[in-house]
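A quick write-up on the structure given underneath.
The values are calculated or read from the model by the stated rules, or taken from the named source; none is laboratory data. Here the structure is a predicted model, which means the values were calculated and not measured. We place every Cβ from the backbone using ideal geometry, glycine too, and count neighbours over all the protein chains shown.
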Amino acid sequence: MKVIIFAGGVGTRLWPLSRKSTPKQFEKIIGDKSTLQLAVDRLQPDFKYKDIYVSTGKKYKEILLSHLPQIPPENFIFEPEMRDVGPAVGLALSLVGKKNPKEPVAIIWSDHFVKKERRFREVLGFAQTLVSKDPQKLIFIGQRARFANQNLGWIEFGDEVDNIRETKVFQFKRLIYRPSLEEAQKFLEDQTFAWNPGYFVTTPEFILSQYKKFSPKLWEGISEIQQSYGTVDFERVFHKVYPSLEKISFDNAILEKLNPEKVFVIAADLGWSDVGAWEALKEALQISIHENVTQGKVMLTDSSDNLVFNYTDQLTVGIDLDKIIVINTDDVLLVCTKGSVPKIKKLVESLSGTEYEDLI
């Protein structure tokens with residue numbers, strides 16, 4: 001099985017650490033490695049480096065090569081222009097699957113945190129087994145919900161259809177993107193819903209057939225690029241065709257239109273968290289909700305449920321803090337409540353065209 005890691009997001013909700021020039025997946029948010037490096041590490045030892053591919057924008061080429069010297073250079077896919085996830089997934093699967101279109105491929109993302117790495121690899125293996133038996137199917141990998149999260153996508157699944165070494169496989173029903181808090185609470189109580197990390201295993205042949213069926217114009221462009229792959233014309237065709245593709249999400253282009261009978265779900269506890277926002281990072285790293293999560297030179301007194309990350313040599317001190325986020329970088333100090341984190345993206349957007357535009 002091949003694995004494609006997508007690393008093209010900007011990550012404004014993790015500002016001021018994550019910037020356009022160095023997005024979150026290239027930053028050392030957890031420990032001394034970037035989340036992209038951690039994504040590759042957690043695949044070991046089950047996957048060889050030659051079977052791991054990474055897709056991102058060409059402007060991040062030098063950063064990517066420096067972060068992952070163990071990955072063969074030919075396994076990097078550098079989009080000449082970012083066209084959203086719909087074209088990106090189609091492109092990656094068309095290139096990776098040109099030689100072996102029926103070989104299972106896992107799609108994962110570079111900016112997540114997974115505590116239970118062995119279980120994660122085990123579930124990937126189970127999904128590989130299912131797709132190997134029937135290349136015309138897709139297996140979603142869901143995370144069993146820990147709380148009523150309204151900032152994530154959810155997966156609803158139906159009857160159990162298989163069981164692999166006590167890991168249940170369910171029939172897929174539908175995807176729900178960012179439900180209301182009330183809906184999320186109902187999903188949490190109902191055992192037929194899971195968080196959707198965006199991970200799935202399928203074959204290039206199956207997904208490209210869905211592009212042809214549901215997004216024919218997108219498929220035509222991707223097919224033209226695929227046909228030129230491995231020839232002297234590839235770079236010319238790639239840089240001509242790809243920037244002209246429609247900007248559309250993968251959900252809108254393909255996933256929302258799939259025949260549910262071809263889609264299945266493995267819902268497991270992987271210790272997965274989307275660390276795309278500061279409050280989500282705290283939830284991922286904390287042992288208890290009252291714990292302070294810190295990094296760098298930090299001193300807190302009479303404080304609880306805070307995240308304080310200091311990326312400077314100066315000591316950051318907090319007294320009587322509760323549910324506060326503090327991010328201290330060399331050029332920006334961010335202080336807000338945990339509940340105000342969703343406003344960071346809008347604030348960053350407001351800096352465009354101002355004297356602080358270079359901080360975006």
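Return yes when K186 is out of contact with any Leu (no Cβ under 8 Å at 6 or more places or on another chain) and part of a strand (DSSP E or B) and no when it is not.
no
Consider only pairs whose beta carbons are under 7 Å apart and that are at least six residues apart or on different chains; among these, list those whose first residue lies in the range 15-26 and is without any contact (Cβ under 8 Å) to a residue 12 or more places away in the chain and whose second residue is surrounded by 22 or more Cβ atoms within 10 Å (Cβ to Cβ) and in a loop (DSSP other than H, G, I, E, B).
If the second residue must be surrounded by 22 or more Cβ atoms within 10 Å (Cβ to Cβ) and in a loop (DSSP other than H, G, I, E, B), the pairs left are S18/G11.
Can you confirm whether the range 115-126 contains a residue that is part of a loop (DSSP other than H, G, I, E, B), over 25 Å from K257 (Cβ atoms) and not acidic (D, E)?
The answer is yes, given that some residue of the range 115-126 is part of a loop (DSSP other than H, G, I, E, B), over 25 Å from K257 (Cβ atoms) and not acidic (D, E).
Per-residue answers, yes or no, for (1) closer than 20 Å to S273 by Cβ; (2) among the basic types (K, R); (3) at pLDDT 95 or above; (4) in contact with a helix residue (DSSP H, G or I) (Cβ under 6 Å, 6 or more places away or on another chain):
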site	(1), (2), (3), (4)
R165	no, yes, no, no
Q171	no, no, yes, no
D190	no, no, no, no
Y199	yes, no, yes, no
I207	no, no, yes, yes
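So C336 clears everything in (1) within 27 Å of M82 (Cβ to Cβ); (2) surrounded by 15 or more Cβ atoms within 10 Å (Cβ to Cβ) except one condition, right? Which one?
(1)
Pairs only if they're at least six apart or on different chains, beta carbon under 6 angstrom, first in the range 342-354 and closer than 11 Å to L14 by Cα, second at pLDDT 90 or above and not in a helix (DSSP H, G or I); list them, first residue then second.
What qualifies is I344/W15; V348/W15.
Kindly indicate whether F113 is aromatic (F, W, Y) and modelled with pLDDT of 95 or more.
no
Looking only at residues in the range 290-321 that are among the charged types (D, E, K, R) and under 19 Å from L17 (Cβ atoms), which one is surrounded by the most Cβ atoms within 10 Å (Cβ to Cβ)?
The extreme case among them is K297.
It is to be established whether one or more residues within the range 322-343 are among the small types (G, A, S) and in contact with a Ser or Thr (Cβ under 7 Å, 6 or more places away or on another chain).
No.
Please identify the pairs in which a residue from the range 113-131 that is surrounded by fewer than 23 Cβ atoms within 10 Å (Cβ to Cβ) has its Cβ atom under 7 Å from the Cβ atom of a residue that is among the aromatic types (F, W, Y) and in a strand (DSSP E or B), counting only partners at least 6 apart or on another chain.
V114/W272; L130/F264
Just to be sure before I move on: is V348 under 26 Å from the mean Cα position of the chain (by Cα), surrounded by 13 or more Cβ atoms within 10 Å (Cβ to Cβ) and either assigned to a loop (DSSP other than H, G, I, E, B) or at pLDDT 95 or above (or both) in the structure I sent?
Here the answer is no, as V348 does not meet what is asked.
Take residues that are modelled with pLDDT under 95 and tell me which of the strands (runs of 3 or more DSSP E) falling wholly in the range 212-305 contain 2 or more.
Once the strands (runs of 3 or more DSSP E) in the range 212-305 are filtered for at least 2 residues that are modelled with pLDDT under 95, what remains is 272-274.
Return the only residue of G142, G221, G198, G153 being farther than 30 Å from Q286 by Cβ, of a type in the set (G, A, S) and in the same structural domain as S110 (by TED's automatic domain parsing).
So the residue among G142, G221, G198, G153 that is farther than 30 Å from Q286 by Cβ, of a type in the set (G, A, S) and in the same structural domain as S110 (by TED's automatic domain parsing) is G221.
For the range 1-111, which helices (runs of 4 or more DSSP H) that fit wholly inside it have 1 or more residues that are surrounded by fewer than 19 Cβ atoms within 10 Å (Cβ to Cβ), touching an Asp or Glu at 6+ places or on another chain (Cβ under 9 Å) and charged (D, E, K, R)?
35-41
Take the residues of the range 232-286 that are among the charged types (D, E, K, R) and closer than 17 Å to T202 by Cβ: which is farthest from the chain's Cα centre (by Cα)? Show your work before the answer.
As a first pass, look at the range 232-286 and keep what is among the charged types (D, E, K, R): 233, 235-236, 240, 246-247, 251, 256-257, 261-262, 269, 274, 279, 282-283.
Retained after the next criterion (residues that are closer than 17 Å to T202 by Cβ): 251, 256-257, 261-262.
Working: D251: 14, E256: 18, K257: 21, E261: 25, K262: 23 Å.
Among residues in the range 232-286 that are among the charged types (D, E, K, R) and closer than 17 Å to T202 by Cβ, the one farthest from the chain's Cα centre (by Cα) is E261.
Taking the range 256-289, which residues are over 24 Å from R121 (Cβ atoms), of a type in the set (A, V, I, L, M) and surrounded by 14 or more Cβ atoms within 10 Å (Cβ to Cβ)?
L258, A277
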